[in-house]
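Here the structure is laid out as structure tokens; the discussion comes afterwards.
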Amino acid sequence: MPRAESAVGVDACPYGWFATVLTGGSIETELYEDFSEVQSDYQEARVFVDIPVGLPTGSRRRCDIEARDLLGCRGNSVFFPPCESAAAVEDYDEANAIHQEDMVHGLSQQAHAISDKINEVREVVGETYDGPIYESHPELCFYALNGQPLAYSKSSKRGLGFRRHLLKQKHSGMDDEYEQVLDDTLRKDVRRDDILDSMALALAAQSEELQSVPEDPRPEAPRIYYPTTSAIADSSWSKP
């Protein structure tokens, strides 16, 4: 797949959506309230978003199962999304009951909490899996940058620092932009990990070579994209 002229990584955040835009060597960031605004602004770009595209019917999505297996210790960062009927319900207990009836498995509170975001993306993307808006996952993108799953959670100081290191190694402007965003925004609107996840997604969207889980999805099946890249991890990196 050829490199996109503009690549956008979008992560959900408390404010709405945080986007990182890469065009050539330049980097820009933007906050949006609604996902439809992202789609409107970047119609000609390749957009990677960390939200399920295509909901499960009858059983869990194969892409989520394989992504969790691939990520090992970071596998719990991949949520099993609600079925369509459960995603439409605001009350967790009611949504969980509907999901269990349709899917056999229960619905996690984390997955239910992103139902509104899932529905926002569905209104724009529907079940179109192959662009220009693609489902991705930050931990798969960091996995590609590191050559293996990251050992530390993004909520830990070491995990946050190592993610910054990986991004800076790949794009020299990433860390300066990260610091600028911290200065320009409130943590109640966008968290530190939202920024880093968006940046990782943008780098993935800019990649010439992409792969997916599953590797051989049926045309009607959801899939999660991430870059096929060599590891850039620096073994000399140490605790910040």
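The values are calculated or read from the model by the stated rules, or taken from the named source; none is laboratory data. Note that this is a predicted model, so its numbers are computed, not measured. Neighbour counts run over all protein chains shown; Cβ positions are idealised from the backbone, glycine included. Heads up: the accessible areas ignore ligands, DNA and RNA and are worked out on the full protein's heavy atoms, side chains in. Shrake-Rupley method; radii C 1.70, N 1.55, O 1.52, S 1.80 Å.
Enumerate the pairs (first residue in the range 4-15 and at pLDDT 95 or above; second residue anywhere and open to solvent by less than 10 Å² (accessible area, probe 1.4 Å) and acidic (Asp, Glu)) with beta-carbon separation below 7 Å, excluding pairs fewer than 6 apart on the same chain, so at least 6 apart or on different chains.
Correct list of pairs: Asp11/Asp194; Asp11/Asp197; Cys13/Asp194.
Take the residues in the range 176-201 that are without any contact (Cβ under 8 Å) to a residue 60 or more places away in the chain and crowded, with 16+ Cβ neighbours inside 10 Å; name whichever of them is farthest from Ala12 (Cα to Cα).
Tyr178
Any idea how many residues of the range 165-175 are out of contact with any helix residue (DSSP H, G or I) (no Cβ under 6 Å at 6 or more places or on another chain) and touching a residue at least 24 places away in the same chain (Cβ under 8 Å)?
Residues meeting the conditions: 4.
Name the helices (runs of 4 or more DSSP H) wholly within the range 100-148 that hold at least 3 residues that are among the charged types (D, E, K, R)?
Hits in the range 100-148: 115-125.
So which residues in the range 72-123 are in contact with a Phe, Trp or Tyr (Cβ under 6 Å, 6 or more places away or on another chain) and among the aliphatic types (A, V, I, L, M), if there are any at all?
Once the filter is applied, which keeps residues that are in contact with a Phe, Trp or Tyr (Cβ under 6 Å, 6 or more places away or on another chain) and among the aliphatic types (A, V, I, L, M), the range 72-123 yields Ala111, Val121.
Among the numbered conditions (1) outside any helix (DSSP H, G or I); (2) more than 20 Å from Val78 (Cα to Cα); (3) hydroxyl-bearing (Ser, Thr, Tyr), tell me where Ser153 comes up short.
Result: Ser153 fails condition (2) only.
Are any of the residues in the range 20-40 small (Gly, Ala, Ser), under 17 Å from the mean Cα position of the chain (by Cα), at pLDDT 95 or above and over 19 Å from Ser115 (Cα atoms)?
There is no residue in the range 20-40 that is small (Gly, Ala, Ser), under 17 Å from the mean Cα position of the chain (by Cα), at pLDDT 95 or above and over 19 Å from Ser115 (Cα atoms).
Go through the range 85-99 and report how many residues are touching a helix residue (DSSP H, G or I) at 6+ places or on another chain (Cβ under 7 Å), more than 19 Å from Gly54 (Cα to Cα) and either small (Gly, Ala, Ser) or not in a helix (DSSP H, G or I) (or both).
0
Looking at the range 161-209, which of its residues are outside any loop (DSSP other than H, G, I, E, B), in contact with a Pro (Cβ under 6 Å, 6 or more places away or on another chain) and at pLDDT below 95?
Across the range 161-209, there are no qualifying residues.
Would you pick out the residues in the range 42-83 that are touching a helix residue (DSSP H, G or I) at 6+ places or on another chain (Cβ under 8 Å), open to solvent by 50 Å² or more (accessible area, probe 1.4 Å) and part of a helix (DSSP H, G or I)?
Once the filter is applied, which keeps residues that are touching a helix residue (DSSP H, G or I) at 6+ places or on another chain (Cβ under 8 Å), open to solvent by 50 Å² or more (accessible area, probe 1.4 Å) and part of a helix (DSSP H, G or I), the range 42-83 yields Arg68, Asp69, Leu70, Asn76.
Applying the selection to the range 120-142, what residues are buried (at least 16 other Cβ atoms within 10 Å of the Cβ) and either among the β-branched types (Val, Ile, Thr) or closer than 21 Å to Glu33 by Cα (or both)?
Glu120, Val121, Arg122, Val124, Val125, Pro132, Ile133, Tyr134, Glu135, Ser136, His137, Pro138
Let's see how each residue does on (1) of a type in the set (Lys, Arg); (2) over 15 Å from Phe48 (Cβ atoms):
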position: Glu139; (1), (2): no, no
position: Tyr152; (1), (2): no, yes
position: Arg158; (1), (2): yes, yes
position: Gln169; (1), (2): no, yes
position: Gly173; (1), (2): no, yes
position: Leu182; (1), (2): no, yes
position: Thr185; (1), (2): no, yes
position: Val190; (1), (2): no, yes
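Applying the selection to the range 26-41, what residues are touching a residue at least 60 places away in the same chain (Cβ under 8 Å) and assigned to a loop (DSSP other than H, G, I, E, B)?
Correct list: Asp34 only.
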